[in-house]
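The values are calculated or read from the model by the stated rules, or taken from the named source; none is laboratory data. The structure displayed is predicted, hence computed values, not measured ones. A quick note on method: Cβ atoms are made from the backbone with ideal geometry, for glycine too, and the neighbour counts reach across all protein chains shown.
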Amino acid sequence: MSLPPAEVLARYAGFEHAAARPYGRGLINDTFLLESAAGRCVLQRLHPVFGAAVHHDIEAVTAHLARKGLVTPRLVPARDGALWVERATDERVEVWRAQTFVPDLVTHDRLAHDRHAFAAGALVGRFHRALADLEHEYRFVRAGVHDTRAHLAKLAAAVDAARDHRLYDAVAPLAAEILAAGAALPALSSLPQRHSHGDLKLSNLLFDAELRGVCLVDLDTVGRMALPLELGDALRSWCNPAGEDATDCAVSAERVGLAVAGYASAAGDAVTRDEGAALVDGLATICVELAARFAADALLERYFGWEPSRHPSRGAHNLVRARGQWSLARSVLAGRADLEARVAAALV
Ligand SMILES: Nc1ncnc2c1ncn2[C@@H]1O[C@H](COP(=O)(O)OP(=O)(O)O)[C@@H](O)[C@H]1O
Ligand SMILES: [Mg+2]
């Protein structure tokens, strides 16, 4: 990853001559820690899937969180007050932005233990509760992020078009199972669209040394979303002890119960009856949707990153991930009654 160019640093007062080093283990944006006499800040080159207008949304959300007394990174404006900096290269216009560095915190790739799920849930509960009265029209809206039907249709089309693909015989039967499960999922579209983080994977939660949740980072996906999809994505990430690169996954019902209890402890009584009743459906939906996306990319081989040191091809890596998420989805569907009972108990 190339270091930030001098012309970008020059736009930030006090950081013109800052030392820059790659920071964190994020996979989407390019992240650097800047250090100078002025202090420290996090400078990121935004991934091209996000539009620069998202910074108006991040500013509105983080200002609101700060007003409520929550810890949050804030955008550091450039000298001219701009929330982001654009830099034209031969290929594209890069978008750079700086944020305050929240020190002394750690991210985790997986939960340290089951109780950690409670702390993660409580952090998200505080975030949602603080944003409940935010009045803001999002400027950057990613169309179709959790349009599950569209992702399923894309998988069906990919299978139809890939009969000669070397992985066709492995993907086609898996895809048939995923598509059948997808067709049986209930719609969640009638639920309220709440202010949401949009990408609650564990590595976007910062914890202190005692594993108390302190703040959320990676706010490029903020927007409105149905609560079961926001929390479903979180539970998918937090409650799969095997991780995303295993083919045999099973949801930890214990963790689901703890995460939802933590959430409820901080979100107050904000969760409606319908939302609570749909949480497990949201989790199943997210697992099936992600399985569909990985399975489609096993054939299309153009979206998800992959690790050449561990897999022979992008398709092969995505096939492993598709099997993993599908096994996770099956465990959610098979354990539905138990999961729903735990969620209901956690929400009282
Ligand atoms: N403001 C911040 N303060 C402290 N650490 C941060 C901050 N922003 C990002 N990080 C660290 O950098 C990592 C990557 O940043 P993130 O915004 O999540 O990028 P990506 O979109 O690539 O995941 C985070 O997981 C976190 O460890
Ligand atoms: Mg991240």
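Kindly indicate which of Ala246, Ala181, Ala242 is surrounded by fewer than 23 Cβ atoms within 10 Å (Cβ to Cβ), in a helix (DSSP H, G or I), away from ligand 1 (no atom under 16 Å from the Cβ) and touching a residue at least 12 places away in the same chain (Cβ under 8 Å). After applying the criteria, what remains is Ala181.
Within the bounds of segment 76-93, is there any residue that is within 16 Å of ligand 2 (Cβ to nearest atom), touching a strand residue (DSSP E or B) at 6+ places or on another chain (Cβ under 9 Å) and touching a residue at least 12 places away in the same chain (Cβ under 8 Å)? There is no residue in segment 76-93 that is within 16 Å of ligand 2 (Cβ to nearest atom), touching a strand residue (DSSP E or B) at 6+ places or on another chain (Cβ under 9 Å) and touching a residue at least 12 places away in the same chain (Cβ under 8 Å). Among the conditions (1) more than 17 Å from Asp114 (Cα to Cα); (2) assigned to a helix (DSSP H, G or I); (3) over 16 Å from the mean Cα position of the chain (by Cα), the only one that Asp220 does not satisfy is (3). Can you find a residue that is touching a residue at least 60 places away in the same chain (Cβ under 8 Å), more than 16 Å from ligand 1 (Cβ to nearest atom), aromatic (Phe, Trp, Tyr) and within 30 Å of Tyr12 (Cα to Cα) anywhere in segment 117-140? For segment 117-140, residues touching a residue at least 60 places away in the same chain (Cβ under 8 Å), more than 16 Å from ligand 1 (Cβ to nearest atom), aromatic (Phe, Trp, Tyr) and within 30 Å of Tyr12 (Cα to Cα): present. If you go through segment 24-65 and pick out every residue that is in a strand (DSSP E or B) and hydrophobic (A, V, I, L, M, F, W, C), you end up with 6. Taking the condition of a type in the set (A, V, I, L, M) and out of contact with any Gly (no Cβ under 8 Å at 6 or more places or on another chain), does Leu290 pass? Answer is yes for this residue. Looking across segment 6-23, the residues that are surrounded by 16 or more Cβ atoms within 10 Å (Cβ to Cβ) and either assigned to a loop (DSSP other than H, G, I, E, B) or within 16 Å of ligand 2 (Cβ to nearest atom) (or both) come down to Arg11, Tyr12, Phe15, Ala18, Tyr23.
Taking residues in segment 45-72 that are outside the structural domain of Leu134 (by TED's automatic domain parsing), and partners anywhere that are in a helix (DSSP H, G or I) and surrounded by fewer than 18 Cβ atoms within 10 Å (Cβ to Cβ), the pairs with Cβ atoms closer than 8 Å and at least 6 places apart or on different chains are Thr72/Ala66.
Within segment 192-223, the residues that satisfy the criterion of being closer than 22 Å to Ser265 by Cβ, surrounded by fewer than 20 Cβ atoms within 10 Å (Cβ to Cβ), more than 16 Å from ligand 1 (Cβ to nearest atom) and touching a residue at least 12 places away in the same chain (Cβ under 8 Å) are Pro192, Arg194.
So that you can scan it fast, the table gives a plain yes or no per residue for (1) away from ligand 1 (no atom under 13 Å from the Cβ); (2) among the polar types (S, T, N, Q):
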{"site": "Thr31", "(1), (2)": "no, yes"}
{"site": "Arg45", "(1), (2)": "no, no"}
{"site": "Ala52", "(1), (2)": "yes, no"}
{"site": "Lys68", "(1), (2)": "yes, no"}
{"site": "Val76", "(1), (2)": "no, no"}
{"site": "Asp80", "(1), (2)": "yes, no"}
{"site": "Ala88", "(1), (2)": "yes, no"}
{"site": "Gln99", "(1), (2)": "no, yes"}
{"site": "Asp109", "(1), (2)": "no, no"}
